[in-house]
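This report refers to the structure that appears directly beneath it.
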Amino acid sequence: MPELHPPLSGMPLAFTLLLCCIEGLCWVPAVARLLSVARLLLVPAVIVSSLAAFLSGYQASSSMGEVSELAESALGVHHAIGRFVLINSVLLGAFAWIGSMARQRQRLFRMLYLLVLGLQLALVVWAGTLGGDLVFSHRIGVRGS
């Protein structure tokens, strides 16, 4: 079976960064009109890509051979942060949806949405850093190792 985790692992970062950029430009009138459409497309893309990266990570780690105890520990941390990314992406979708439906306290839900979006970006970058460390320091996923 082909290794799906390497190409899928970059998608949550790409969609999250794109969403952050669009949210950061919402004060530009031309972008403000497109923001609701972009949010409608990008928030589900963040959730689906996080789920795909998470599941493909377990698929990739299930086919691994014997690894050192240090690499096993680093892999466990990477998986834990991946779970946080997945849970946080669902929270991101929930706050985006609730904020769009709310008639009262829209600012509160907007702030919660932006806070969770910032946390999503931090978690995705952290998970990617840990994944890169697994490849370059522990040679996890490198053929012929």
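Data table
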| item | result |
| --- | --- |
| Long-range neighbours under 9 Å by Cβ, at least six apart or interchain, first residue closer than 18 Å to residue 11 by Cα and touching a residue at least 40 places away in the same chain (Cβ under 8 Å) within the stretch 107-126, second of a type in the set (Val, Ile, Thr) and exposed (fewer than 14 other Cβ atoms within 10 Å of the Cβ) | none |
| Filter pass, residue 56 being at pLDDT 85 or above, among the polar types (S, T, N, Q) and closer than 30 Å to residue 142 by Cα | yes |
| Residues being surrounded by fewer than 18 Cβ atoms within 10 Å (Cβ to Cβ), β-branched (Val, Ile, Thr) and part of a helix (DSSP H, G or I) - total across the stretch 47-80 | 2 |
| Failed item, numbered, when residue 19 is tested on (1) surrounded by fewer than 18 Cβ atoms within 10 Å (Cβ to Cβ); (2) of a type in the set (A, V, I, L, M); (3) touching a Lys or Arg at 6+ places or on another chain (Cβ under 8 Å) | (1) |
| Criterion violated by residue 26 - all others in (1) surrounded by 13 or more Cβ atoms within 10 Å (Cβ to Cβ); (2) part of a helix (DSSP H, G or I) satisfied | (2) |
| Test result for residue 134, modelled with pLDDT under 95, more than 18 Å from residue 44 (Cα to Cα), crowded, with 16+ Cβ neighbours inside 10 Å and in contact with a Ser or Thr (Cβ under 7 Å, 6 or more places away or on another chain) | no |
| Condition met for residue 31 (surrounded by 13 or more Cβ atoms within 10 Å (Cβ to Cβ) and modelled with pLDDT under 80) | yes |
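The values are calculated or read from the model by the stated rules, or taken from the named source; none is laboratory data. What you see is a predicted model; the values in this text were computed from it and never measured. Please note: Cβ atoms are built from the backbone with ideal geometry, for glycine as well, and neighbour counts cover all protein chains shown.
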